[in-house]
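Novice: Input: one structure, supplied below.
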4 protein chains.
Amino acid sequence: MELSETRRQQIMSDYSQGFVAWCGFEPIEVGLGFLEARIFIRDEHRQQDGFIHAGVMTTMADHSAGYAAYTMIPEDHRILTVEFKMNFLRPAFSDLVICRARVIKPGRKILVCESDVFDRQKNGEKLVVKALATMISVPQAELTRED
Amino acid sequence: MELSETRRQQIMSDYSQGFVAWCGFEPIEVGLGFLEARIFIRDEHRQQDGFIHAGVMTTMADHSAGYAAYTMIPEDHRILTVEFKMNFLRPAFSDLVICRARVIKPGRKILVCESDVFDRQKNGEKLVVKALATMISVPQAELTRED
Amino acid sequence: MELSETRRQQIMSDYSQGFVAWCGFEPIEVGLGFLEARIFIRDEHRQQDGFIHAGVMTTMADHSAGYAAYTMIPEDHRILTVEFKMNFLRPAFSDLVICRARVIKPGRKILVCESDVFDRQKNGEKLVVKALATMISVPQAELTRED
Amino acid sequence: MELSETRRQQIMSDYSQGFVAWCGFEPIEVGLGFLEARIFIRDEHRQQDGFIHAGVMTTMADHSAGYAAYTMIPEDHRILTVEFKMNFLRPAFSDLVICRARVIKPGRKILVCESDVFDRQKNGEKLVVKALATMISVPQAELTRED
């Protein structure tokens, strides 16, 4: 199984909408079960002590994992996040943050993903966040605002 | 032990800076080991399917848990997030999201917190995110950009 | 919806099998979306420093959450653990450990549960583990050893 | 920094005590920030549907991560588990389970570890559990039964 060029481009352009576009996250590369994204850090991405906010890195880790999963499901399905866990390994403070997400267990319904977030520091990329996420594939027709 | 009025006000005004102010999160109430916050949802907080982005709710749950922890540490210490896990119980789509965070295990170094995030829907508040987070208290002087 | 007496008794007797029976976990009470269990601690439940092993408390928290979920699904379905996260709040060392598990979000397919584990110490019950778990309901006929 | 032969042997023999020895977990190999262990599965390690109990694999993942961390701390310190999260990727049912744990972020106080658990099935090793764990290094003199 491979990712068609049409589907690849559709996923690349679908990635940055709403909150993700507003924050400034961009996809760099996508493949079957894989997505890499980046963000150029601005002042509004930092927290009270000048570090990049955990929420910025989490949004990136979650969203990239979701789109890595999205490469592996039927076109009429959508991905929702069931849950995730993130470890913040060291403070991030540079001007460029990279995320690499991959599916570690595909499934028809449940997909488990990992995301690594890197801070592009002077002496090289540093792993700053390790995320483990569970995604669910839902037929688009079943996406609803009722519980 | 109680939270002094001075400290309470300092924490209220410290809460909204950088990414958190930019997104529009506001604290409503703070007490010893407790913080409640809200956000009025705008289009830029949503994702590709119109739901509120998991990253918005995660930022709120993490930041509020951090400040709930911040009420229980010495004034010359700061809180960093060690890790968290969030379960997304149902989609959120309303115009107002509320977060209630509390410390469930204080400690001199490690503080464990819970955050509940609610979507203010037509038929009442719905619990949409359940978060469990580990925070660490660090002397401000030790906060550094070196690893 | 309520739990029939027949189903309640079936779940009580189903709880302690295999690893769970061997370790000595016993159910005390079960209701719709709820289960309480206990274990009398023996030397073989401890770790190298004399504390109760995290694995003992995790097994209890996971298994009890799974059976709390089991009360809310059709009789021809089974529960599998998708994932869980546990925070170890303080060391446990007493002779009696209690677990209270409940479903915080039922669902046809995915059920989210919480478990609290308590150590019965001299000055009362102490919360020692806080767990958040995701369970999946699977038709028994689909349980298989093939991937 | 390397692991001395004396220390390596001390850690190998320290690994299997209490609950871990009783269950039958054995260390196979240990290095700086790394530990591999195994267990030969007996009936008492299974659950009600014949699969290996999540508690067995969790105990192994947690304990092995703890000892991987233990290789990186001073000899008068001990490791306690702060928290972990485990994803159960597929059912395990074979007769031999292997765990490989490694420290992904060492630290003076906090160490973050990953454990992979594999089921030795007919067609090869299958990754069945992915774990992400936070450990804390505590001076042995501070280990206490008081809170």
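The values are calculated or read from the model by the stated rules, or taken from the named source; none is laboratory data. All values derive from a computational prediction rather than experimental measurement. No Cβ is skipped: glycine too gets one built from the backbone with ideal geometry, and neighbour counts run over all protein chains shown.
Results for (1) at the interface with chain A (Cβ under 10 Å from one of its Cβ atoms); (2) at pLDDT below 95; (3) surrounded by fewer than 22 Cβ atoms within 10 Å (Cβ to Cβ), shown as yes or no for each residue.
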| site | (1), (2), (3) |
| --- | --- |
| B:Arg38 | no, no, yes |
| B:Glu44 | yes, no, yes |
| B:Gln48 | yes, yes, yes |
| B:His53 | yes, no, no |
| B:Thr59 | yes, no, no |
| B:Asp62 | yes, no, no |
| B:Gly66 | yes, no, no |
| B:Ala69 | no, no, no |
| B:Met72 | no, no, yes |
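Novice: Looking at (1) in a helix (DSSP H, G or I); (2) within 16 Å of the chain's Cα centre (by Cα); (3) of a type outside the set (S, T, N, Q); (4) away from chain A (no Cβ under 14 Å), can you tell me which one B:Glu29 breaks?
Specialist: (1)
Novice: Within the range C:10-32, which residues are farther than 15 Å from D:Asp49 by Cβ, buried (at least 20 other Cβ atoms within 10 Å of the Cβ) and in contact with a strand residue (DSSP E or B) (Cβ under 6 Å, 6 or more places away or on another chain)?
Specialist: C:Phe25, C:Pro27
Novice: I've got another one for you. Filtering the range B:101-141 down to residues that are touching a helix residue (DSSP H, G or I) at 6+ places or on another chain (Cβ under 6 Å) and over 25 Å from D:Lys109 (Cα atoms), which residue is surrounded by the fewest Cβ atoms within 10 Å (Cβ to Cβ)? Steps first, please.
Specialist: Within the range B:101-141, the subset touching a helix residue (DSSP H, G or I) at 6+ places or on another chain (Cβ under 6 Å) is B:101-103, B:111, B:113, B:115, B:117, B:129, B:131, B:133, B:135.
Checking the rest, the ones that are also over 25 Å from D:Lys109 (Cα atoms) come to B:101, B:115, B:117, B:129.
Numbers: B:Ala101: 27, B:Ser115: 27, B:Val117: 28, B:Val129: 25.
Here the residue is B:Val129.
Novice: Conditions: (1) at pLDDT below 95; (2) under 30 Å from D:Ile79 (Cβ atoms). C:Leu3 meets all but one. Number of the miss?
Specialist: (2)
Quick grid of which residues meet (1) within 24 Å of A:Ile39 (Cβ to Cβ); (2) in contact (Cβ under 8 Å) with a residue 12 or more places away in the chain; (3) touching a helix residue (DSSP H, G or I) at 6+ places or on another chain (Cβ under 7 Å):
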residue	(1), (2), (3)
B:Gln17	yes, no, no
B:Glu26	no, yes, no
B:Leu32	no, yes, no
B:Leu35	no, yes, yes
B:His45	yes, yes, yes
B:Gly55	yes, no, yes
B:Thr58	yes, yes, yes
B:Ala61	yes, yes, no
B:Ala68	no, yes, no
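Novice: While we're on this one: Residues in the range B:78-91: is at least one surrounded by fewer than 24 Cβ atoms within 10 Å (Cβ to Cβ) and more than 10 Å from chain A (Cβ to nearest Cβ)?
Specialist: no
Novice: A further question on this structure: Output the residues belonging to the range A:94-117 that are within 13 Å of chain D (Cβ to nearest Cβ), assigned to a strand (DSSP E or B) and free of Cβ contacts under 8 Å to residues at least 60 places away in the same chain.
Specialist: Within the range A:94-117, A:Ile104, A:Lys105, A:Ile110, A:Leu111, A:Val112, A:Cys113, A:Glu114, A:Ser115, A:Asp116 qualify.
Novice: For the range C:118-133, how many residues meet the condition of being within 12 Å of the chain's Cα centre (by Cα) and either polar (S, T, N, Q) or away from chain B (no Cβ under 13 Å) (or both)?
Specialist: Counting residues in the range C:118-133 that are within 12 Å of the chain's Cα centre (by Cα) and either polar (S, T, N, Q) or away from chain B (no Cβ under 13 Å) (or both) gives 0.
Novice: Anything in the range C:57-93 that is part of a helix (DSSP H, G or I) and touching a strand residue (DSSP E or B) at 6+ places or on another chain (Cβ under 7 Å)? List them, or say none. Break it down stepwise before answering.
Specialist: If we filter the range C:57-93 for residues that are part of a helix (DSSP H, G or I), which is where we start, we get C:57-70.
Once the filter is applied, which keeps residues that are part of a helix (DSSP H, G or I) and touching a strand residue (DSSP E or B) at 6+ places or on another chain (Cβ under 7 Å), the range C:57-93 yields C:Met57, C:Thr58, C:Met60, C:Ala61, C:Asp62, C:Ser64, C:Ala65, C:Gly66, C:Tyr67, C:Ala68, C:Ala69, C:Tyr70.
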